[in-house]
1. Tell me, which strands (runs of 3 or more DSSP E) wholly within the stretch 381-462 include 1 or more residues that are surrounded by fewer than 15 Cβ atoms within 10 Å (Cβ to Cβ) and among the aromatic types (Phe, Trp, Tyr)?
2. If the requirement is being more than 30 Å from Val262 (Cα to Cα), part of a helix (DSSP H, G or I) and in contact with a helix residue (DSSP H, G or I) (Cβ under 7 Å, 6 or more places away or on another chain), which of these qualifies: Arg194, Arg151, Arg146, Arg217?
3. Looking at Leu402, is it closer than 14 Å to Val66 by Cβ and either touching a helix residue (DSSP H, G or I) at 6+ places or on another chain (Cβ under 8 Å) or not polar (S, T, N, Q) (or both)?
4. Look through the stretch 294-328, keep the residues that are touching a Gly at 6+ places or on another chain (Cβ under 6 Å) and β-branched (Val, Ile, Thr), and return whichever of them is nearest to Glu99 (Cα to Cα).
5. Looking for whichever is touching a residue at least 24 places away in the same chain (Cβ under 8 Å), within 30 Å of Gly340 (Cβ to Cβ) and out of contact with any Ser or Thr (no Cβ under 6 Å at 6 or more places or on another chain) here; the options are Gly296, Gly279, Gly250, Gly243. Which one fits?
6. Go through the stretch 318-342 and give me each residue that's surrounded by fewer than 16 Cβ atoms within 10 Å (Cβ to Cβ) and over 19 Å from Gly372 (Cβ atoms).
7. For residues in the stretch 299-317 being loosely packed, with under 14 Cβ neighbours inside 10 Å and in contact (Cβ under 8 Å) with a residue 40 or more places away in the chain, which is nearest to Leu378 (Cα to Cα)?
Amino acid sequence: MRLMPIISAILVTVALYFIIVQRDQLMAFARGETVEEVQAKTAADEATAEDDGGLVTDGEIEIGRVKVVALASQTQTIDDAVVLRGRTEAARTVEVRAETSGQVISEPLPKGSTVEEGDVLCELDPGTRTASLEEAQGRLAEARARLPESRARIPEAEAGRAEAESRVAEAEARVAEARARLSEAQINYNAASRLSEDGYTSETQLANAEAALESARASVSSAQATLVAASAGVASAEAGIEGAQAGVEGAQATIQSAQASVAAAEREITRLTITAPFGGLTETDTAERGSLVQVGGLCATIIQLEPIRLVGFVPEANVSKIHIGATAGARLSSGQDVRGEVTFVSRSADEMTRTFRIEVTVPNEDLSISDGETAEILIQADGRDAHLVPQSALTLNDEGELGVRTVADDRTALFMPARMVRDSADGVWLTGLPDQVDIIVVGQEYVTDGVPVEPTYREADG
């Protein structure tokens, strides 16, 4: 039983030997030719090949070249894009907090409620704030009532100053008159004194002249004292005017202080009603009725989802390709496709990742997009030149580098590395190749660099 497999193996080996090694002799035997005829024909073929330069031609096709199909490719400009992963982010998120303390007297809104700008979120108990406002308003009315009285004192003070100024003028006239009399009395006294020395006048006349001189001097002193008193009256009147003006200013300051108190009391009352700063959704329940809210206490958290932002981080190598206003699209984790435009490109890189934050604004009128969803973002960038080739034309060289085999100028196969930038239904787009190149699309796996090829060209698709 073991002998039959051995015999079968020997027979198969002999058959393969004749088919592979002695193929020519076997074919000649099948045609009825002798071994000498086969050897003579082979020698003749080799001699003919040497005369033709090593290639045997059959019409216009060189039998020594490998037939391939090539594509005469020309670069085309395609739209480029930057792809990155990101997330959705609410346009605005605000924690609405109390600006004053008080007990909540309004019913709470549940989380997820839709609110518009100005809607009441929390209402606080006014307490004594209304009474404080009324008190401030009373002080304001009192201060305003005092202002006319203070203003009326100014004309009275000005009238007193005018009267004092007239007294000054009268006193100055009296001083001038007294000085004139003093001058006359001095002249009379001097004359009487000289006459008395010569014996032409009596002692009585000299004494009278001296008495008149002293009386004139006394009149001058009295007139000057009256002038000083009148001047003091003017100064007092001016001080009265300044006092009246100060009274007006004080009344006005009191009014301003009272107005500030009224405004503060009114502002304190308006703080009792906490409203939504913008339209959106409540992310948390509003403060519970009866709870005590302190200054800075949380009333509610509001988020705005219309429009919504797509946030991603771009490597520094691609940030120069993105500009504000560029069209962008994204596919969310839910499978929803959205479109928008770039509204922000950061000018400062993250210190840890060296990436730049970008924001894409997307409409969200139906609020179907939530905050925090994962998104694959595609941002349109400046176009680039590339070749469109069938995906089957791609091959690898001995180093495992991706590229295509091309027809060189000497009609030999030549591998060229390339980089795939996009995949489409019509093929793949490659960069890194010359602007014009003949790419082998059929037969590239059967040739290596330097192998002669006979290309047949086909037209490019599209």
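1. Of the strands (runs of 3 or more DSSP E) lying wholly inside the stretch 381-462, those with at least 1 residues that are surrounded by fewer than 15 Cβ atoms within 10 Å (Cβ to Cβ) and among the aromatic types (Phe, Trp, Tyr) span 453-458.
2. So the residue among Arg194, Arg151, Arg146, Arg217 that is more than 30 Å from Val262 (Cα to Cα), part of a helix (DSSP H, G or I) and in contact with a helix residue (DSSP H, G or I) (Cβ under 7 Å, 6 or more places away or on another chain) is Arg217.
3. no
4. To start, the set of residues in the stretch 294-328 that are touching a Gly at 6+ places or on another chain (Cβ under 6 Å) comprises 302-304, 310-312, 328.
Then keep just the ones that are β-branched (Val, Ile, Thr); that gives 302-303, 311.
On the way: Ile302: 17, Ile303: 20, Val311: 32 Å.
Going through the qualifying residues, I end up with Ile302.
5. Gly279
6. Within the stretch 318-342, Ser320, His323, Ile324, Gly325, Thr327, Arg339, Glu341 qualify.
7. Narrowing the stretch 299-317 to residues loosely packed, with under 14 Cβ neighbours inside 10 Å: 315-317.
With the extra rule that they be in contact (Cβ under 8 Å) with a residue 40 or more places away in the chain, the set shrinks to 315-316.
On the way: Pro315: 14, Glu316: 16 Å.
Residue satisfying both the conditions and the ranking: Pro315.
The rows are residues; the columns are (1) surrounded by fewer than 14 Cβ atoms within 10 Å (Cβ to Cβ); (2) not assigned by TED's automatic domain parsing to the domain that holds Gly233.
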| residue | (1), (2) |
| --- | --- |
| Glu89 | no, yes |
| Val96 | no, yes |
| Glu107 | yes, yes |
| Glu116 | yes, yes |
| Ala145 | yes, no |
| Ala162 | yes, no |
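The values are calculated or read from the model by the stated rules, or taken from the named source; none is laboratory data. Since the model is a prediction, treat every value here as computed from it, not as a measurement. So basically every Cβ, Gly included, is an ideal-geometry build from the backbone, and we count neighbours across all protein chains shown.
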